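This report concerns only the one structure given below.
The values are calculated or read from the model by the stated rules, or taken from the named source; none is laboratory data. Please read these numbers as outputs of a predicted model, since none were measured by experiment. Ideal geometry is used to build each Cβ from the backbone, glycine not excepted, and the neighbour counts take in all protein chains shown. Heavy atoms of the whole protein, side chains included, go into the accessibility calculation; ligands, DNA and RNA do not. Shrake-Rupley method; radii C 1.70, N 1.55, O 1.52, S 1.80 Å.
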Amino acid sequence: MPREIPKAYEPQEIEERWAKAWFDEKLFRAENSADGPPFSIALPPPNVTGSIHVGHLLEHTQIDMLVRWHRMRGNRTLWLPGMDHAGIGTQYVVERELAKQNLRRQDLGREEFERRVWQWKGESGGQIKGQMIRLGASCDWTREHFTLEPKLYRAVLEAFLRLYREGLLYRGPYMVNWCPRCETAISDLEVVHIEQPGKLWHLRYPVSGSREFLIVATTRPETMLGDTAVAVHPDDERYQRYIGKSVVLPLMNREIPIIADTYVDREFGTGAVKITPAHDPNDFQIGKRHNLPEIDVMTDDGHMNAAAGKYAGSDRFDARKRIVSDLEALGLIDKIENITHAVGVCDRCKSEAEPRISIQWFMTMKPLADAATKAVLGGLIEVVPENQRTVLLNWYANIHDWCISRQLWWGHRIPIWHCECGEMVPALNSSVEIVDGHARAAAIPVKCPKCGGGKLTQDPDVLDTWFSSSLWPFSTLGWPDDTPDLRTYYPTSLLVSGYDILFLWDSRMIMMGLHLTKGAAPKDRVPFRRLYLHSLVRTAEGAKMSKTKGTGVDPLQLTQQYGTDALRYMLASMAAPGTDIILSEDRILGARAFANKIWNAARFLFVNLDKVEAAGLTSDPAAGLPAAREILTLDELAAPEIRANAPYPVPGEGALAHRWIYSRLAAVSQQASSALDGFRFHEACQSIYQFFWGDFCDWYIEWVKPQLTSSDRQVALAAWRNIFAALDAALRLLHPVMPFLTEELWHRLPQPAGARSIALEKFPEPQPRWIDTAADDSMAILQEIVVAARNIRAEMKLDPRKKVAADLFVTGPMRRTLVEENMDAVLRLASLSELRVTSGHPGAASEKNGGIVRSTAAFDLRIAYGEAIDKQAEIARLKKKVEELEKDIKSKQARLADQNFTSKAPEKIVDALRATLEERQLELKKLHDRLKQLDRD
RNA sequence: GGGCGGUUAGCUCAGCGGUUAGAGCAUCCGGUUUACACCCGGAAGGUCCUCCGUUCGAAUCGGAGAUCGCCCA
């Protein structure tokens with residue numbers, strides 16, 4: 001029965017089919033009762049608003065490779081997926097939609113707005129899930145979670161209430177970053193600094209009761225309306241006499257004191273600075289020290305408020321212009337400098353963030369950071385690459401309290417009720433109830449424990465998205481309940497994340513995990529035992545891939561073009577830890593070619609087997625097969641139990657290549673596993689690529705081709721069995737990186753009834769019986785001979801189809817036997833009609849115009865051909881080689897002559913150097929002989 | 001201002017104390033080898049950014065500088 005296998009590899013149909021099958025069959029469902037040590041990874045939950053970009057694909061490819069690899073090694077493997085509600089991000093997107101209808105969220109009211117967001121989430125959210133399924137992520141979709149679902153809401157309530165009772169959460173008026181567009185506080189980490197051209201205005205503040213001025217510099221003149229002091233350094237001689245006096249704040253005509261504070265940098269500007277405690281974090285601190293009033297001059301949406309006098313109602317940037325021009329009119333602008341400075345903007349909407357005092361919830365971080373530091377220092381979490389460990393520890397060391405409240409409507413509402421008397425009453429417990437399909441706190445306090453009042457209103461704020469994210473590795477496993485999943489899979493084995501969210505997410509999970517989970521020892525409470533920070537995909541200019549900037553590349557489109565496997569391979573092959581990735585068209589093409597190569601190698605085997613079968617059936621002498629030949633069937637050659645016992649000894653002299661390919665298989669399996677264990681995906685890819693294309697296709701298949709159609713049934717049988725088993729092993733090696741292609745091909749091999757997927761098979765382990773260093777060495781020599789012959793042929797510009805005779809001079813009987821035993825393969829691969837093997841060196845045996853010679857220390861190969869060779873070219877080539885060799889030999893001799901080297905370097909190194917020197921000298925001698933001979937001829 | 005990373009072949013990148021520094025792509029030469037032209041065979045191509053140091057030995061370790069990029073303040 002012919003096995004239909006298309007000539008060109010067409011990934012689309014294959015990938016869609018398997019993606020669907022894997023999902024429908026729940027193939028990657030983790031079984032708690034299964035054998036094997038658990039291996040668990042929580043997916044960094046993508047924003048529910050998002051669609052996948054190449055950055056995700058890089059992350060998912062790396063996770064998926066590790067997950068598939070572990071699954072194939074027999075681990076009880078769980079990759080837990082889910083989505084993040086992405087508070088500010090999602091709200092921003094929905095608000096943008098509303099704005100198209102000229103609506104603001106305030107127009108709808110909180111409940112209606114929330115309803116709209118849920119509606120939007122239902123329609124557009126979760127796109128990523130479909131994309132991940134299509135791209136082959138082997139997640140356990142039966143365990144999918146969403147940060148706003150009831151179970152996770154409950155975890156958030158539990159965490160909040162516990163931290164609150166422990167006194168780690170507090171509320172009060174502090175300086176925060178405020179986004180006037182989103183109208184919410186944002187954390188330090190959500191403010192990004194962008195270098196921009198700007199101006200530095202030098203303002204003249206008249207000193208009260210004098211004609212003098214103090215000059216202060218500012219990049220934000222509008223904040224002057226809220227100035228409540230001017231500060232100088234206490235030791236600054238220039239200003240001694242002003243300390244204690246006051247200035248008249250221009251435009252506002254308010255007297256404000258001149259104070260002394262060591263915070264002031266005498267070198268900056270004039271050494272006098274305006275102090276606006278309500279609009280600058282440093283000024284806020286100074287204000288506290290000096291008991292200065294805090295005058296907030298702005299509204300939530302970035303307009304000037306009543307405290308701004310006549311500027312009230314103006315947009316903050318309009319106000320800036322007006323103030324500057326008013327000051328100019330009054331002659332109070334000393335000068336204006338053009339500068340570049342970093343402006344903090346809201347990470348989400350890119351509006352300029354405003355430092356501002358507002359009442360917010362904060363989390364005390366110091367004790368948690370200390371515990372986390374201890375865990376990381378104690379090696380309870382291994383950080384890869386290692387330098388990121390220092391970055392993490394430094395961040396913990398300089399940690400600030402975390403502003404966890406957001407003035408948003410989309411998120412986990414803070415479970416605190418405020419009484420009219422000012423008392424704050426937390427929810428009674430963490431239970432949740434479902435209203436309209438969505439969760440909210442159920443245990444609502446009805447009476448104030450302090451004043452007994454019954455008028456309690458819930459805090460309007462919601463929690464920072466990252467609060468719920470920080471619970472992700474355990475909340476998704478059932479925490480705070482003691483569930484089988486939590487017991488089995490927590491701590492998770494590994495977290496794979498981009499280093500861009502090390503502070504936002506990774507660091508906070510470590511703190512929360514250590515603090516909140518139940519394990520007796522810290523090692524049982526860390527959220528993950530290893531932390532691998534992967535690279536980011538960047539544009540050619542080095543910018544982060546970003547959809548908003550239009551630099552994001554749609555991976556699904558690339559998939560259409562090149563195939564998912566190729567894309568995955570390309571990303572993995574570039575994923576060296578610690579270096580960012582710039583997408584390259586060439587690399588994708590190379591990966592696609594690789595996929596095609598794999599496809600065709602498999603195709604070759606199946607197609608040829610068809611031929612062998614057909615020939616056997618018809619006993620067609622034209623096919624070169626004897627009539628008596630028995631039919632070979634695929635089952636006989638490649639049944640699972642047959643493959644399991646490979647390699648089979650090949651009778652006669654054709655065994656070498658088989659011994660060698662299995663030896664290579666052992667080495668490559670070992671390399672791949674150790675590379676994956678160290679997150680060196682590029683290394684794993686490279687060694688598998690080299691194995692498949694170089695060893696398996698270029699040498700092994702080519703070498704054994706004739707055996708596959710051998711008239712000796714035993715030879716053909718063993719050869720086929722070995723090659724199928726090797727292909728099977730190669731597919732399993734390749735599976736973690738190229739899941740679709742390997743799945744498709746694997747199913748074309750005979751499999752036991754009910755076999756579901758290559759993903760559930762074993763990853764190749766190096767078998768001791770495969771390792772064969774003698775075969776490695778022998779094969780290496782034969783390959784060198786073949787390459788030397790091809791080299792000479794190319795040099796002589798021989799027609800590749802033309803077979804010629806050659807002479808081989810070898811030393812040692814072993815080598816001679818080796819070549820003679822493998823003569824057929826060598827002749828065929830080197831396109832030789834004959835190879836005369838002689839012991840010793842050419843020299844005397846050489847004839848006039850003796851063709852071209854290639855020499856290594858082990859052999860000399862000569863092809864003599866009727867026509868004259870380009871003698872000058874050959875001499876030039878030899879001379880260049882001589883030069884290189886002489887240089888090398890000289891440096892080696894010098895080093896060996898150096899007492900310092902021979903006495904201090906390890907013996908092994910010295911001996912090795914001596915041996916290579918000898919080889920080189922032999923090569924050089926051969927080159928000289930050859931040159932002399934050419935000269936003579 | 002502080003910290004981190006890059007600088008290696010024309011391009012994209014490996015290698016990170018001890019072979020004549022590698023790969024893929026591009027280039028050049030030769031091929032319709034019935035698995036694959038997304039292929040096969042061959043070749044050419046490098047002051048490993050600069051300087052100083054450590055070492056028997058440095059692309060690899062340390063210091064300084066140049067340059068590009070990232071993060072934090």
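With the cut-off at under 15 Å, measuring from each backbone N in the range A:285-317 to a point 7 Å along the Cα-to-Cβ line of residue A:253 picks out A:309-311.
Bridging of residue A:26 to lysines at a Cα separation below 22 Å is possible for A:129, A:762, once same-chain residues fewer than 8 apart are set aside.
DSSP finds beta bridges in chain A, and of those with both partners inside it, around 70 percent are antiparallel.
The dipole here belongs to the range A:1-150: it is taken about the Cα centre, uses +1 on the Cβ of Lys and Arg and -1 on the Cβ of Asp and Glu, and is about 120 debye. Computing FRET efficiency as 1/(1 + (r/R0)^6) for residue A:791 and residue A:12, where r is the C-beta to C-beta distance and R0 is 45 Å, gives about 0.65. The slack between residue A:265 and residue A:397, meaning 0.36 nm per residue of separation minus the straight C-alpha distance, is 45.0 nm. Working from label points 7 Å from Cα in the Cα-to-Cβ sense, the residue A:524 to residue A:104 distance is 5.4 nm. Give, as ranges by residue number, the residues of the range A:115-129 whose backbone N falls under 18 Å from the point 7 Å along Cα→Cβ of residue A:434. Output list for this probe position: A:115, A:118-119, A:122.
Each label point was placed 7 Å from the Cα along the Cα-to-Cβ direction; for residue A:366 and residue A:24 their separation is 6.0 nm. For the pair residue A:933 and residue A:833, a Förster radius of 25 Å applied to the C-beta separation gives a FRET efficiency near 0.55, rounded to the nearest 0.05.
Within the straight-line cut-off of under 20 Å between alpha carbons, the lysines reachable from residue A:892 are A:879, A:880, A:881, A:904, A:908, A:925, A:926, sequence neighbours fewer than 8 places apart in one chain being disregarded.
The Cα center of the range A:300-362 and the Cα center of the range A:24-98 differ in position by 43 Å. Give the aspartates and glutamates whose C-alpha is closer than 20 Å to that of residue A:374, dropping any in the same chain fewer than 8 places away, or say none. Candidates past the 8-residue exclusion: A:382, A:386, A:401, A:506, A:524.
Calculate what fraction, in whole %, of the accessible area of chain A sits on carbon and sulfur atoms when a 1.4 Å probe is rolled over the protein chains.
Looking at chain A in its full context, I get 51 percent from C and S.
Ranked by the mean number of other Cβ atoms within 10 Å of their residues, highest first, the peptides A:266-277, A:316-327 fall in the order A:266-277, A:316-327.
Taking the Cα centre of chain A as origin and assigning +1 to Lys and Arg Cβ atoms and -1 to Asp and Glu Cβ atoms, the resulting dipole is close to 680 debye. Per-residue packing, averaged as other Cβ atoms within 10 Å, sorts the ranges A:179-185, A:308-314 into the order A:179-185, A:308-314, beginning with the highest. Counting lysine pairs in the range A:179-355 whose alpha carbons fall under 18 angstrom apart, excluding pairs fewer than 8 residues apart on the same chain, gives 8. Accessible surface area normalised per residue over chain A is 43 Å², counting heavy atoms of protein chains with a 1.4 Å rolling probe. In terms of its C-alpha gyration tensor, the range A:800-936 has an oblate overall shape, because the principal axis ratio a/c (a ≥ b ≥ c, square roots of the eigenvalues) is not below 1.5 and a/b does not outweigh b/c.
The residue among A:717, A:706, A:668 whose Cα reaches farthest toward the positive pole of the charge dipole of the range A:582-771, with charges on the beta-carbon of Lys, Arg, Asp and Glu, is A:668. Think of chain A as a dipole: +1 on every Lys or Arg Cβ, -1 on every Asp or Glu Cβ, centred on the Cα centre; then among A:489, A:900, A:655, A:900 lies furthest on the positive end.
Extension gain residue A:192-residue A:711, at 0.36 nm per residue separation less the Cα-Cα distance, in nm? Between residue A:192 and residue A:711, full extension yields an extra 179.5 nm. Over all other residues within a Cβ to Cβ distance under 12 Å of residue A:760, the charged ones net out to +3, with Lys and Arg as +1 and Asp and Glu as -1.
Find the centroid of the Cα atoms in the range A:224-288 and in the range A:113-129, then give the distance between the two in whole Å. Result: 50 Å between the Cα centres.
In chain A, the calculated helix contribution to ellipticity at 222 nm averages -13500 deg cm²/dmol per residue, counting -39,500 (n - 2.57) for every DSSP H run with n ≥ 4. Of the peptides A:198-208, A:695-705, the ranking by mean beta-carbon count within 10 Å, highest at the top, reads A:695-705, A:198-208.
For residue A:381, neighbours were defined as the other residues whose beta-carbon sits under 13 Å from its Cβ, and their charges (Lys and Arg +1, Asp and Glu -1) total +2. Computed from the C-beta positions of residue A:803 and residue A:635, the FRET efficiency with R₀ = 35 Å rounds to 0.35. Judged by the gyration tensor of its Cα atoms, with axes a ≥ b ≥ c, chain A is prolate; a/c meets the 1.5 cut and a/b is the larger of a/b and b/c. Distance from the alpha carbon centroid of the range A:156-213 to that of the range A:404-474 works out to 24 angstrom.
Is the range A:333-413 best put as rounded, prolate or oblate by its Cα gyration tensor, with a ≥ b ≥ c the root eigenvalues, rounded for a/c under 1.5, and otherwise prolate when a/b is larger than b/c, oblate when not? Oblate.
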